[in-house]
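Working notes, structure below.
Laboratory data are not the source of any read-out in this text; all were calculated from the coordinates shown. On a predicted model such as this, the values are computed, not experimentally measured, just so you know. In this analysis, Cβ positions are derived from the backbone assuming ideal geometry, glycine residues included, and neighbour counts consider all displayed protein chains.
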Amino acid sequence: MSAKRRIVALSGGVGGAKLAQGLDMLDDVDLTIVVNTGDDFEHLGLMISPDIDSVVYALAGLSDVDRGWGRADESWHFMEEIRRLGGEDWFLLGDRDLAMHIARTNAIRLGEPLSSFTLRIARRLGIRARIVPMTDDAVRTIITSDEGRLAFQRYFVGLRCEPIVRSVDFEGAPSARPVAELETEFADPGPDAIIICPSNPYLSIDPILSIPGIADMLSASHAPVVAVSPIIGGQAVKGPTAKIMNELGLAVTNDTIAGHYGDLIDGIVIDHGDRCPVAASPLACLSVPTLMHTVEDKVSLARKTVDFALSLSQPERVG
Ligand code: FO1
C-alpha cells in the first residue's frame, strides 16, 4: 500500500468543518486541521472554543447538522434554569455541549494547553485527524462596526451579525505563537498539500494567517496551497461572508476571494455554476459542485480538492 498523503487544512467552524469531515474520511489522507480560535471567549466562567468544537463534533459524527453548531440530540435544561435565575441567556449552551466546556475549562485551569486538551479529546472521541488550535495564546477577533468595537460573539450571536462591519482585528495576534504541532507538521519533508476550507476568509481564516509565522510556513512549504471558495452564485452558503464583503466594499465574487489570498494560494476550487477568477497571475482553478448537504457531498468535494491540490505539486528537482 502506498504511503498516505499528508494534508494540512485550515478551518473555521461550520462550513470549514464540513470539508474537514470529508477530508478525514479519505483513507489515503493523513490529516492535520488547524482551527481558528479568534471566536473563543469566556462565558459564564467557561472557556468556549466554538470553531474547535464544530470541527470536533463534525469529525466525531456528533454535530447537529441542521443548526450547524453544537451537539445533535441536544437538550436545553441548563439554559432554562440559567434564564430562571436571571443569568445571561443570549449565547446558547446545550446540556451535552456543556460537558465539553466544563472539561476544557477545568483542564486549562489545571495548566493543560488548549492544543493538548483538543488532541486528547479528539483521540477519546475516536477522531483520526489531528485537530489543533492555531495557537495556545489568547487571540480575540474584534469587529469594528457602525455600533462600535464588538467582541466577536457579541457581534455574531448577540447582534446576529446586524452591525455594519468597518474592519476586523485580531487582538493578541502580534505576540501569539503558532501551536507547536505546526512546527512539527511543516518540518522537512512537510505536508503534501495545504487546503484552505470554505470558511469565511475575513472572520475565520485571517485570524489563523494573522499569527506570526503561519503564513510564512505556508509560503515556504513546497506543498501546493488550494483554497475552496465559500461563495456560490454570488452568495455565501451560510453566515455573513457575503454581507461583510458588501460592507467592506468588495464584490462578492471568486475574484475577490482569490485576490484576498493572493500569492499564498496556487489554486482555487469554485462551484461548478460560477466563473473561475480572472486573476492577474495564472491561478489554477477547479470547478466542481461545492455545496455540501450529505456526507457523500463532503467526501466527494474532499476527494476532488485533494486530487486537484496534488496535481499542482512541482516534481522534486534533481541536481
Ligand atoms: N451560534 C449561534 O448562532 N447562537 C448561539 O447561541 C450559539 C451558541 C454556541 C455555543 C457553543 C458553540 O460551540 C457554538 C455556538 N454557536 C452559536 C456557534 C458560534 O457562534 C459560531 O459557529 C462561530 O463562532 C462562528 O464560526
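Results, tabulated for the structure shown:
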quantity	calculated
Prolate/oblate/rounded label for region 183-302 (Cα gyration tensor, a/c 1.5)	prolate
Those aspartates and glutamates that a straight Cα-Cα span of less than 20 Å connects to Lys304, excepting residues fewer than 8 apart in one chain	Asp24, Asp27, Asp28, Asp30, Asp192, Asp266, Asp271, Asp274, Glu296
Expected-Rg normalisation [2.2 N^0.38 Å, Cα atoms] applied to the chain	0.97
Beta bridge orientation in the chain: antiparallel %, DSSP, nearest 5	40 percent
For Arg71, residues with placed amide H under 5 Å, excluding near neighbours	Asp64, Asp97
Cα gyration tensor, region 237-319 - rounded (a/c under 1.5), prolate or oblate	oblate
Loop-located GluC sites (Glu not before Pro) in region 117-201, at most 13 other Cβ atoms within 10 Å (DSSP)	Glu147
Segment Ala3-Leu291, extension gain: residue separation times 0.36 nm, minus the distance between their alpha carbons	100.7 nm
Residue with peak Gaussian network fluctuation, the chain [Cα springs, cutoff 10 Å], from His272, His77, His101	His77
Cβ-Cβ FRET estimate between His43 and Gln314, R0 fixed at 45 Å, reported to 0.05	0.45
Modelled FRET efficiency - R0 25 Å, Asp307 with Arg128, Cβ distances, 0.05 increments	0.80
Lysines with Cα under 20 Å of Lys298, excluding same-chain neighbours fewer than 8 positions away	Lys4, Lys18, Lys238
Alpha-carbon spread of region 82-134, three principal axes, descending order, Å	40, 23, 19
Virtual paramagnetic centre 7 Å along Cα→Cβ of Asn246, amide N under 14 Å, in region 147-165	161-165
